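For reference, the structure is listed below as C-alpha cells.
What follows draws every value from the coordinates through simple rules; no lab data is involved. Since this is a predicted model, take the numbers as computed values, not measurements. Glycine also receives a Cβ, built like all others from the backbone with ideal geometry; neighbour counts cover every protein chain displayed.
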C-alpha cells in the first residue's frame with residue numbers, strides 16, 4: 001500500500017510548524033509493501049492563518065494544495081483546519097518529531113498513525129476517479145478511429161484543422177523560436193492569428209478543401225490557456241459544428257484552473273506538453289513561467305510550479321472523462337533518460353497516450369544535436385512500458401489543415417488571401 005503524506009516543515013528535516021503557520025509542505029510516498037519511501041514534491045504555500053487568526057479562503061487554498069494526501073503531519077492543527085481537512089478526507093496528525101522518524105513508524109508499523117478510515121476513503125475516492133478514467137479510456141478507443149493524432153488508421157483517413165487563435169504564452173521553452181512564416185513546418189508557427197468570431201467561416205472553407213475533416217484543434221501559436229481566446233473559440237465550434245471533435249494543446253500551467261470549463265464546453269481531448277517531472281531537469285528546458293498575476297518565476301521555482309499544475313490538471317481532466325495525450329520533447333543529454341518517468345507518472349494521473357517529439361535545434365538549444373533515430377526508438381520503447389506511444393507526429397503548424405498522414409498541408413490555400421502577420425508571441429504550444 002502507498003500512503004501519501006504531507007509534512008509541515010521549515011527545513012525539510014523536522015515537523016516544526018503549526019498547520020496554519022506552515023508555508024512549506026514536503027510530500028512523501030510511503031510504500032509499506034516494499035518498505036520504501038521517497039519525497040515526491042515540496043510545495044510552498046501562503047500561510048493559512050493571517051495575523052495569527054483563521055482565514056477561510058487561505059485555509060481552503062492550503063488544504064487544496066495537499067488534498068491528494070492521506071494525512072498531514074504538523075506540530076498542531078486547530079479545529080478550523082481539521083474541519084476543512086476532514087472535508088477533503090485528509091487526516092490531521094499532530095506530532096513534533098523528525099520526518100524520518102515518523103516515516104519509519106509508518107513504514108514498519110511501530111506506531112499506527114494512519115487511521116484506516118482515511119485509507120478506506122481513498123479507495124472510495126479512487127473508485128470514483130476510476131469511473132471517470134474508464135470513461136476516458138472508452139473515449140480514447142473511440143477517438144482512435146476518428147482522430148489522426150490518436151493512433152490507428154485515422155492518421156491517413158481523417159483530417160484536422162489547427163485554428164491559430166491563441167496569441168501569447170505564459171512560459172518560455174528554450175527550444176522555442178518566435179516567428180510568423182507561411183511555409184515552415186513545425187509547432188508554434190503560423191501565418192496569422194485569428195479572432196474567435198472569424199473561425200466559423202474558416203472552418204466552412206476548410207471543409208470544402210478537406211471533406212475528411214473530423215477534428216478542430218488549437219495548438220497555438222501561443223498557449224491555449226494563457227488567454228480566453230481558445231476556449232471561446234471552442235464554445236463557438238461546439239455550437240456550429242457539434243459533430244466535430246475538439247482537441248486542445250497546452251503547456252498545462254493554467255490547466256487546473258480551466259479544466260472544468262474545458263469539460264463544460266465538451267472538448268473531448270487535450271494534449272499537455274510535459275518534458276520532465278523533475279524540476280531540475282525541467283529548469284534546463286524551460287526558462288520561466290508567468291503566473292496569472294504577471295509574476296515571473298524562473299529556474300527551478302518556475303519548474304516546480306509548472307510540473308505541479310500539469311500533474312494536477314491531467315489528473316482532474318482524466319477524472320472528468322477527457323482523453324489526455326502527453327507531448328514530450330526529446331532533448332538529448334537532458335531528458336532522454338527521464339521521459340520514461342514522465343510516462344510512468346502521467347499514466348498514473350490518467351493519461352492515455354504519449355507523443356515523443358524529437359528536438360528541433362534552435363533558439364537556446366541550437367547547439368544541441370537533434371536525437372538520432374536510434375535514440376528516439378530507444379526512448380519510445382522505454383516509455384512504452386507505461387503509456388501507449390504515438391509514432392506518426394508530423395510537427396504540425398499552428399494553422400495546419402489536411403490529413404496528416406498524407407503529407408500535404410493545405411494551410412497556404414486556406415489563407416491565401418490573407419497576408420502573413422508579424423508578432424513575437426510564439427511558443428511550442
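Summary value for the range 312-399: 33 percent relative contact order, contacts being C-alpha pairs under 8 angstrom separated by 6+ residues. As a calculated quantity, the FRET efficiency between residue 300 and residue 207 at R0 = 41 Å, using C-beta atoms, amounts to about 0.30. For 241, 140, the sequence from fewest to most other C-beta atoms within 10 Å is 241, 140.
For the pair residue 362 and residue 60, the difference between a 0.36 nm per residue extended length and the Cα-Cα distance amounts to 104.4 nm. Here the calculated FRET efficiency for residue 239 and residue 348, from their Cβ-Cβ distance with R0 = 45 Å, stands at 0.80, rounded to the nearest 0.05. Looking at the square roots a ≥ b ≥ c of the eigenvalues of the Cα gyration tensor of the range 275-328, which shape do they give, rounded for a/c under 1.5, prolate if a/b is larger than b/c, or oblate? Judged from the Cα gyration tensor, the range 275-328 comes out oblate (a/c at least 1.5, b/c at or above a/b).
Determine the shape class of the range 131-414: with a ≥ b ≥ c the square roots of the Cα gyration tensor eigenvalues, call it rounded for a/c under 1.5, and otherwise prolate if a/b is greater than b/c, oblate otherwise. Rounded. Extension gain, residue 292 to residue 96, is 67.0 nm, computed as 0.36 nm per intervening residue step minus the present C-alpha separation.
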